[in-house]
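The structure appears below as structure tokens.
Values in this text are rule-based calculations from the coordinates and carry no lab data. None of these values were measured; they are calculated from a predicted model. Methodologically, a virtual Cβ is constructed for each residue, glycine included, from the backbone with ideal geometry; neighbour enumeration extends over all protein chains shown.
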Amino acid sequence: MNKNKGVFLAFLTAIISGFAVFFNKFAMSFWTNSSVFTTAKNLIAVLFLVSLLLLLGKIKDLKKLSKKQWFQLIVIGFVGGSIPFLLFFKGLSLSSSISATFVHKTLFVWVALMAVFFLKEKISSLQFLAIGVLFAGVYLFADPFRLHLGYAELLIFLATLLWAIENVIAKKILKDLSSLTVAWARMFFGSMFLLAFLVFSGGMGALAVSSWSQIGWLFFSGLLLFGYVITWYSALKRAPATVVTSILVLAVPITALLNNKVLILPTALMVFGVFLICGLFKKLKIINSFKIKNLKLKI
């Protein structure tokens, strides 16, 4: 039951991610610097997370954390909430959306490889097949003939690797800590590192907003990020890292659909791959078998 809830939350995260990618391009157009936009957006997410901690009375739980746990949470903030954001949005500003999407959505491959060695997750031959099917879907969606891999894509790849490492670390930490605590730490400490970067790079002044439209888009982007981290860490806590990161691939066709772009074959491959890796076909078979048996009994 816990794993099923994790899978459901991962699907919800994929939906939020699909919408976030679509709307962030509008929000980012109000900012001249991608690093400043990233920092501002992340700070809004922190505001929502702190509000939720206060609302649920969970602030007191932070006082119970050990020094080791605080260190682990700071590492999560650095590895997952700061450096990869800077690398990703810098790469995104230099790369085509097609190449960027392809590189970023290979996250599930790197998580799967790391999960086997560091989390001791067992991946069946059917799940390995699912990973291959998912990769084929992502590759075809990226349009192989227009795919370009260069400096910008290298930045996005490094960001993706850091997020993969973060997911492995987070999976270990989530055994003892709540998903809300880990989500807060990732965004809070990550934002502190991002603010430090802006101070040293002379970009703090650019954080000032200049219009209501800018404020509106900023809060909306921050809200989407808040929803993403809440559902994501809740999913990661309950289900295998390999499974939940694979489900995130479905964000790609969702964003494409919002852009009035529908690619049937790649989308079908992604959906098929997700069904395989989640074992949904097996569950549907069991359900249908149960219905048939009940029908025979009634007859």
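Computed from Cα positions, the angle between helix 67-81 and the longest principal axis of the chain comes to roughly 90 degrees. For the chain, the longest principal axis of the Cα atoms and the long axis of helix 264-278 meet at an angle of about 80 degrees.
Expressed as a fraction of 2.2 N^0.38 Å, the value expected for a compact globular protein of N residues, the C-alpha radius of gyration of the stretch 1-53 is 1.46. Summarising the overall dimensions of the chain from its C-alpha atoms, the Rg and Dmax are 20.0, 77 angstrom.
Simple point charges give the picture: +1 on the Cβ of Lys and Arg, -1 on the Cβ of Asp and Glu, and for the chain a dipole about the Cα centre of about 1460 debye. For the stretch 34-120, rounded, prolate or oblate, judged on the Cα gyration tensor with a ≥ b ≥ c (square roots of eigenvalues), a/c < 1.5 rounded, else prolate if a/b > b/c? Since a/c reaches 1.5 but b/c is at least a/b, the shape of the stretch 34-120 is classed as oblate.
Between the C-alpha center of the stretch 12-43 and that of the stretch 52-69 there is a gap of 28 Å. Pairing the Cα long axis of helix 280-298 with the longest principal axis of the chain, what angle in degrees results, from 0 to 90 and rounded to the nearest 10? Taking Cα atoms only, the helix is inclined about 40 degrees. In the stretch 4-156, one over the average inverse separation of all distinct C-alpha pairs is 18.3 Å, which is the Kirkwood hydrodynamic radius.
When exposed loop sites are taken as trypsin sites (Lys or Arg not before Pro) in a DSSP loop with at most 12 other Cβ atoms within 10 Å, the longest stretch of the chain clear of them is 176-260.
Were the residues from SER211 through SER125 laid out at 0.36 nm apart, the gain over their Cα-Cα distance would be 25.6 nm. Using a cut-off of 29 Å between Cα atoms, the listed pairs LYS3/LYS41; LYS58/LYS171; LYS60/LYS175; LYS25/LYS105 include LYS3/LYS41 as exceeding that distance. For the stretch 2-298, averaging the sequence separation of C-alpha pairs within contact (under 8 Å, six or more residues apart) and dividing by the residue count gives a relative contact order of 41 percent.
Each residue of the stretch 193-210 was assigned a 3J(HN,Hα) from its phi angle through the Karplus expression (A = 6.51, B = -1.76, C = 1.60, θ = phi - 60°), giving 5, 5, 5, 4, 4, 5, 4, 6, 9, x, x, 4, x, 6, 6, 5, 8, 10 Hz with x at Gly and Pro. All Cα-Cα distances of the stretch 133-215, cut into 5 Å bins from zero to the largest, leave 3, 10, 10, 15, 16, 14, 16, 13, 4, 0 percent in each bin in turn.
Placing +1 on each Lys and Arg Cβ and -1 on each Asp and Glu Cβ, with no other charges, gives the stretch 59-108 a dipole about its Cα centre of roughly 340 debye.
With contributions of -39500 (n - 2.57) from each DSSP H run of at least four residues, the per-residue ellipticity at 222 nm computed over the chain stands at -26000 deg cm²/dmol.
Would you please calculate the Kirkwood hydrodynamic radius of the stretch 131-280 over all C-alpha pairs and express it in Å, rounded to one decimal?
18.1
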